[in-house]
Amino acid sequence: MNENDIPTYTIGQLALRNGQDKDDIWVAYQGKIYDVTSSRLWRNGQHYEHWAGQDLTPELVDAPHNENVFDKFKVVGQLKK
């Protein structure tokens with residue numbers, strides 16, 4: 001799948017994938033939306049002080065890991081600008 005084939009979602013659509021409103025658990029980082037549903041660290045849509053359904057780009061600065069943490073998750077969409 002190339003970048004042009006990836007669906008685009010609004011911040012409101014992303015917010016519904018918070019582990020509460022829908023079964024999907026998604027987070028965004030630098031414009032890409034990742035499906036973290038399978039991660040035990042994102043159970044119930046929360047990972048430490050971070051919540052699913054949000055753009056985590058500004059929060060990664062304070063994380064104990066770098067952006068490579070997203071490499072293991074599937075990109076399911078692009079965040080609409």
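A few comments on the model shown:
- With θ taken as phi - 60° and the Karplus curve 6.51 cos²θ - 1.76 cosθ + 1.60 applied, the whole-hertz 3J(HN,Hα) list for the stretch 69-78 is 4, 7, 4, 7, 10, 6, 7, 10, x, 10 Hz, x standing for glycine and proline.
- Phi angles across the stretch 19-27 convert, under the Karplus curve 6.51 cos²θ - 1.76 cosθ + 1.60 with θ = phi - 60°, into 3J(HN,Hα) values of x, 10, 6, 9, 6, 5, 10, 10, 9 Hz, Gly and Pro given as x.
- Of all accessible heavy-atom area on the chain, the percent that carbon and sulfur account for (1.4 Å): 46 percent
- For the chain, DSSP calls about 80 percent of its internal beta bridges antiparallel.
- Qualifying GluC sites (Glu not before Pro) for the stretch 8-81 [loop in DSSP, other Cβ within 10 Å: at most 12]: 49
- Helices in the chain, meaning DSSP H runs of at least 4 residues, each add -39500 (n - 2.57). Divided by all residues, the mean residue ellipticity at 222 nm is -1000 deg cm²/dmol.
- In sequence order, calculated HN-Hα J values of the stretch 6-18 (Karplus, 6.51, -1.76, 1.60; Hz; x Gly/Pro): 7, x, 9, 10, 7, 4, x, 5, 4, 4, 6, 9, 9
- Partners for residue 72 among lysines (Cα-Cα distance below 23 Å; same-chain residues under 8 apart left out): 22, 32, 80
- Amide hydrogen proximity for residue 33: with H placed 1.01 Å from N in the peptide plane, the residues at 5 or more positions away or on another chain lying under 5 Å are 76, 77, 78, 79.
- Residue 55 long-range amide H proximity, modeled H, under 5 Å: 28
The values are calculated or read from the model by the stated rules, or taken from the named source; none is laboratory data. Predicted model only: the values in this text are computed from it and were never measured. Note: ideal-geometry Cβ built from the backbone for every residue, glycine included; neighbour counts use all protein chains shown. Surface areas here come from the heavy atoms of the whole protein model, side chains and all, with no ligands, DNA or RNA. Shrake-Rupley method; radii C 1.70, N 1.55, O 1.52, S 1.80 Å.
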